[in-house]
Amino acid sequence: MNKVATTALLGFVVSSMMAMGVAFTVRQIIDALRDVRLVLLALLANFVAMPLGALALDKMLGLDEPLGVGLLLLGVAAGAPFLPKLTELAKGNLPFAVGIMVLLAIGTVGYLPLVLPLLLPGVTVNSAKIAGWLFLLTLLPFATGLALKARYEEVAARVKPLLDWVSNATLVPMVLLLAVANIDKILHVFGTRGILAGVLLIALGFGIGWMLGGPDLDTRRALALGTGQRNIAAALVVASESFSDPSVEIMVMVVTIVGLLTLVPLCHVLANHGVEQSAK
């Protein structure tokens, strides 16, 4: 079951990132990030507000140390590979979502080795391994899609519906398979306030992103989802490499699953709300 869930996860991330690549040009993504103030607010939300929020929730709820560490890892790890698909489902600003995801993911590679040793003395971070997973899962398929769009636009147009179908078809099964395959981990966290901490962290991130997303509703949706959903790949690499207690890794996985189970339905609510607003 774990192997099937992992395969679905990889299939979803790779196909959705390549689908984003064949959908846009480099110029469109750069143009979406021209609002310097908005980009700075996105960095502030993800690299200042979220780590502080994770620390505050840990103290407020009195989490066991491994669970608090797992929550903090997610607080500092930004640039979730799920963001483009979530934004697409929510009918948000997709070019901005793609651009900010790449920016946050690359920023996370340099940010974690600097900040985590200050927050968790004695912790070392394998930034090369984080960068490797980032490259393989997100940047490589995304860059491949961009190159295909730039050189063979007709081929890109034909491939796009297939990639969309794969990413759409694997999204819900991926979330359900991750939940079923890790049910023992979810049960392990029950009664520890770990799940409550995860829900609150996701809600905090969504709220901060919504408030800082500017007047454009489409951009607000993208930044809210981008701040609420954290970078599981970066957090899991640090959890597995730097901590011997499996509860740290379990906390990262459980909060990520809770985030997907919460945000995917929320995306449909946001999309329907947008349709109603347009009709009015």
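Among the protein heavy atoms of the range 21-81, carbon and sulfur supply 65% of the accessible surface, probe 1.4 Å, non-protein parts ignored.
Consider all pairwise Cα distances in the range 138-250 and report the whole-number % of them above 25 Å. Don't skip to the answer; put the middle values down first.
Numbers: 2944 of 6328 pairs.
Every Cα pair in the range 138-250 considered, those over 25 Å come to 47 percent.
Applying a length cut-off of 24 Å (Cα extent along the axis) and a mean Kyte-Doolittle floor of 1.6 to the DSSP H helices of the chain leaves 94-119, 194-212. If you roll a 1.4 angstrom probe over the protein chains with everything in place, what fraction of the accessible area of the range 134-187 belongs to carbon and sulfur, to the nearest %? Of the solvent-accessible surface of the range 134-187, carbon and sulfur hold 72 percent.
The Stokes-Einstein estimate for the range 28-95, based on a Kirkwood radius over Cα pairs and taken at 10 °C with 1.306 mPa s viscosity, is a diffusion coefficient of 115 µm²/s.
Remark: the chain carries 44 Å² of accessible area per residue (probe radius 1.4 Å; ligands, DNA and RNA excluded). With a cut-off of 15 Å, note down the residues of the range 41-79 whose backbone N falls inside the zone around a label point 7 Å from the Cα of LEU261 toward its beta carbon. Flagged as within label range: none. Grouping the Cα pair distances of the range 197-280 into 10 Å bins from zero gives a pair-distance distribution of 17, 41, 27, 11, 3, 0 percent in increasing distance order. When you count the other C-beta atoms within 10 angstrom of each residue and take the mean per peptide, 70-83, 100-113, 165-178 line up highest first as 70-83, 100-113, 165-178.
Computed log10 I(q)/I(0) for the chain at 0.10 Å⁻¹: -0.48, from the Debye equation with unit scatterers placed on every C-alpha and solvent omitted. Residue-normalised convex hull volume from the C-alpha trace of the range 1-131: 148 Å³ per residue. When Rg and the Kirkwood radius Rh are both evaluated on Cα atoms of the range 57-176, their ratio Rg/Rh stands at 1.06.
The values are calculated or read from the model by the stated rules, or taken from the named source; none is laboratory data. This is a predicted model, so every value here is computed, not measured. Note that we place each Cβ from the backbone using ideal geometry, even for glycine, and neighbour counts take in every protein chain shown. Just so you know, the surface numbers come from the protein's heavy atoms only, side chains and all, with ligands and any DNA or RNA stripped out. Shrake-Rupley method; radii C 1.70, N 1.55, O 1.52, S 1.80 Å.
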